[in-house]
Amino acid sequence: MAGADVFTLDPDEVHKSVAVLFEIEADVKSQTDSMVASNADAAAPLTAASTALGPALEAAGEWWKIHRAGGFTGLLGNTGEYLAVCAQEAVEVDDFNAGTFASVAGDIYPDRANATASSRPDW
Amino acid sequence: MNPPVEENMNEQPPASAYTQATAYAPMEAAVADLVEALPEFPGFERRVWAKTPCSRGGVDDPRYTNVEIEYRFSKEDSQTAKVREQYIDALREHWLGLGLRIVADRPLESRDRTDHDLVAYRPEDGVKLWYSVAFYASVRVRSGCVPVSDLSEIEYVPPTGGILPGGRRDLVSSYFPDGIPEQEAVNPFASPDDFEDQL
Amino acid sequence: MSEMTWQQLRDLDCGAVRALGDLWKSHVETMLDQTERLRADVVEGHLSVENFESDTATQVREHITLTADRYEDDLSDYATTRIATTLHEAADAFEAEQNELKELIPLIESRDFDIEGPHKEYDVNLSGGLHQAILTLDPPQWLCDMVGITKPSGFWDWDTLKALFNSVDLYGTAIGLAGQYQDWLRAVMSRAHDADDDAAAALSEMSDNPTELPPHLGATYDDLIDDYKEGVSDEVANEARAIAEGTSGMSPEQVNQWWENLSDAEREALLEEHPEWVGPVDGIPTEYRDTANRVLLDRNIDSLDSQIAAKEQALAGMDPDSDEYERAKEELDGLKGDRSDLVRLQEHITNEDGSPKVYGITDQQYYLLGFDTEGSGKAVVSIGNPDTADNVNAYVPGTGGNLAGASGGLMDRTETMARDADNASDAETATVLWLGYDAPDSIVPEAMQSKWAEDGSKALERFTQGVRATAEGEPSNLTLTGHSYGTTMVGTAAATQGVEADNLVFIGSPGVGVDTASALGVDESNVWASTNDEDVIQYGPVHGNAPVNESFGGNTFTSDSPREKTEWWKFWEGATENHSSYWDDGSEPGEANNEISRSNQAHIVTGQEDMVR
């Protein structure tokens, strides 16, 4: 399929979806940061007490933050950016990349485009 | 056969009067005798044939086993003064009269009830008779350690005390994989004319 | 590896650890609100099929759903089952050992003993001051009390003091007590370290083989998403395998949570396709394990049939005088022995039509929780379901315990215990034959060695944790009943790893690996030993202070003719009593040990300790 039929949509609804995705992304990030900080705080005295649990607990918190919660938020961000693009023009999933977001929707979400600019290889 | 226990206690198990197969009949007879001796006998709820291992130095010796026959009173009968007290006194006297040695005669008082273990030992064949009054009251007869017999050598002995032979309260079927042999209808309260051939 | 000192353990804030576990759980709830919002507001809301209909729209909705699914699985598997549960279990375990220290350290200090180490372990020794006091015949009051001398008041001359203390062994007594405290302290630290290491492993192994995340939208998404979905369908199998192989680091409680989180279809599929990952696993409910193990038992017998046939064929082609033939013949005999043991076990617990057999005396089904033909063999068989019973009694056999016994003498004993418990109470008791360790084959040399008990300790610990994890409703009254070397097995597991039992019963014990009941991690008033232990006389209390000795600090069953209690610190008394009995189990003439012991055991197992005499 190609063209406008790819993703018949109401831009308004898409923007709302994007907003929700970015909001959940941000909320989960900050709630996770807070949880993992508490985790590290509790792990510290355990490490000081020469337990095996202390270091393992801290590492587990970091792993959770970066790979699992981070994996989740990364997916949300990526999906949000894709939909942000689709609100402007129909783009198939296969044709989407980070650069697309910056060029098509960067004006609408300037903070986001700038914030992650350096991480886009094609920017 | 085996040398007597005093001479060779660390080498051979002491001689036993019975083998597993020959133990059942005299043990059952002891229970039948008890049923006879106890006044206004209410009947038993069930019979069980079982065995416990024989060990020495903490290691089980699979060539020997300790045969146990258990007859249990019903829960209702187990709670009566007759079964819990009267029968103890009656049995103590009866067993002493038969020349048995009483090796335990312990009442056990707790909040809710008084239990009792009355254990008698029969010197001539080593059989132990245990009248146990607890949550249930039961009669357990133990052979002492006897040489194990093949399942095929074990013969059926009809139960005493009101249990129907081969019925669902006669829990011995694992010893008779081909089924419990047909029994004639027996008056459960009848006993042999004498026990001469069984003692 | 845990390096915690006793002071560090003492000062650990277990409440904070527990609170962190609670915090993770509430964090999970908050996160679930977010995934709920993702589904409701996006997938079923702004991006719903009412608003958008196209292949791409479907794809994106599916993608978001997979994303939410994955995060929810992570929150359940990692954040809850692994992290939060580990924290709660660790807090409980550390706190239990802290409570032991609270009792023990003041005792050590009040006796003027010193704690030295840890080198590998702690030592508890007489302090210099105490040495001096004993040397100058001015022992502290507590020591006088122990040796039964009234402490002289005022000044006494040296000769009078010497005469007074002449007949007692002050050093021996003090050293004996220090030895007990040493056992106790070492046990506390061993259990605390073990809990610590287990907790660390549960967390670090979490990240060993993590599940995949869905791919990002973009190029090659179509291929990647197909791979992802395939991977998802393998996840349960991968987890089950790691758990069964012991590489997952999960405790039985965690395994149980993982199992409960599977769908019925996933459980059935595992049972169907991989019974070997279900049958032996502590933490999986009994009924599933029984079903799986019966299938495995059947398969094992079939496999042995094939191996036997192949071996016979091979033998036919060998020279009967050759070494090769000898070896092959031995192997064949071994295979036939294994087959016969397994078949007898199967026949004991299975009806002709293949349905599970019921133990007719107590009307309880047999459940097969595990078996193995390696070495002397292992078998774990329960009469009654431990998940639902009010009481659970696990009988741990001793020297000579083997797979053959599981349908022979060991099973006779187990069935007797089941019958006795049934006669003692209306409540239901599940009686388990636990031959889950490689029992020593011989008195000399094997039963003299502690390694069988050491090697089996983890398995016994996990068995007890499994009983707790799979219990439906209230936890059962759990008793471990050791017989002969089985007591060494139980004692060693309790002291070094910790067992989650309410009562420990030691019958015929040659020693339980520690010199005091206090080292067992169980309330001393729930530690019982029977005086019917000819074994002590037979080959001495090789594995420590005999638990029937008063100094051990547990309870004993009295028999009608109590034995002489001599000076307690003389661990090896020699045969001072004249026993004419050959058998250990009270089947001797003229004694009622067996009968009294059985009444007492049944009372303990059914929670009626006040009736023990």
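Any read-out appearing in this document is the output of simple, stated calculations on the displayed coordinates, not a laboratory observation. Values in this document were obtained by computation on a predicted structure and should not be read as measured data. Quick reminder, even Gly has a Cβ in these numbers, built from the backbone with ideal geometry, and neighbours come from all protein chains shown.
Data for the structure
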| quantity | calculated |
| --- | --- |
| Compactness index (Cα Rg / 2.2 N^0.38 Å), segment C:1-104 | 1.68 |
| Spatially proximal lysines relative to C:Lys451 (Cα-Cα < 28 Å; intrachain offsets below 8 disregarded) | C:Lys120, C:Lys378, C:Lys570 |
| B:Ala15-C:Val343 FRET efficiency (beta carbon distance; Förster radius 35 Å; 0.05 resolution) | 0.55 |
| Charge dipole (segment C:48-120, unit charges on Cβ, about Cα centre) - positive-most of C:Ala79, C:Ile108, C:Phe94 | C:Ile108 |
| Estimated inter-spin distance, C:Glu330 and C:Asp426, nm [label 7 Å along Cα→Cβ] | 5.9 nm |
| B:Glu182 paired with C:Glu29, simple spin-label distance in nm, labels 7 Å along Cα-to-beta-carbon | 7.3 nm |
| Gyration tensor (Cα) of segment B:88-134, equivalent ellipsoid semi-axes in angstrom | 23, 10, 7 |
| Within straight-line cross-link reach of B:Lys82, lysines at Cα separation under 27 Å, skipping those fewer than 8 residues along the same chain | B:Lys128 |
| Average beta-carbon neighbours from other chains, 10 Å sphere, peptide C:207-220 | 5 |
| Hypothetical label at C:Asn209: residues of segment C:221-260 whose amide nitrogen lies under 12 Å (7 Å Cα-Cβ projection) | C:234-249 |
| Per-residue Cβ neighbour rank within 10 angstrom, fewest leading, A:Cys86, C:Cys14, B:Cys54 | C:Cys14, B:Cys54, A:Cys86 |
| On Cα atoms only, tilt of C:14-37 relative to the major axis of chain C in degrees | 10 degrees |
| Estimated Rh, the protein assembly as shown: Kirkwood, alpha-carbon pairs, angstrom | 32.3 Å |
| Approximate spin-label separation C:Ser153-C:Asp55, in nm, with each point projected 7 Å along Cα-to-Cβ | 10.4 nm |
| On Cα atoms only, tilt of C:286-316 relative to the major axis of chain C in degrees | 90 degrees |
| Entries in A:Lys65/C:Lys229; A:Lys65/C:Lys25; C:Lys25/C:Lys229; C:Lys336/C:Lys357 that, when Cα-Cα distance is taken, lie over 18 Å | A:Lys65/C:Lys229; C:Lys25/C:Lys229; C:Lys336/C:Lys357 |
| Set of lysines with alpha-carbon distance to C:Lys151 below 19 Å, sequence-local pairs under 8 removed | C:Lys162 |
| Chain C: projected area of the alpha-carbon convex hull, averaged over directions, in nm² | 38.5 nm² |
| Segment C:Ser233-C:Leu107, length gained on full extension (0.36 nm per residue, minus Cα span) | 39.6 nm |
| Distribution of pairwise C-alpha distances over segment A:51-115, 10 Å bins, in % | 20, 35, 21, 14, 8, 1 |
| Sum of -39500 (n - 2.57) over DSSP H runs of 4+, divided by residues of chain B (222 nm, nearest 500) | -5000 deg cm²/dmol |
| Residues B:Ser74 and C:Glu266, FRET efficiency given R0 of 45 Å [Cβ-Cβ distance, rounded to 0.05] | 0.40 |
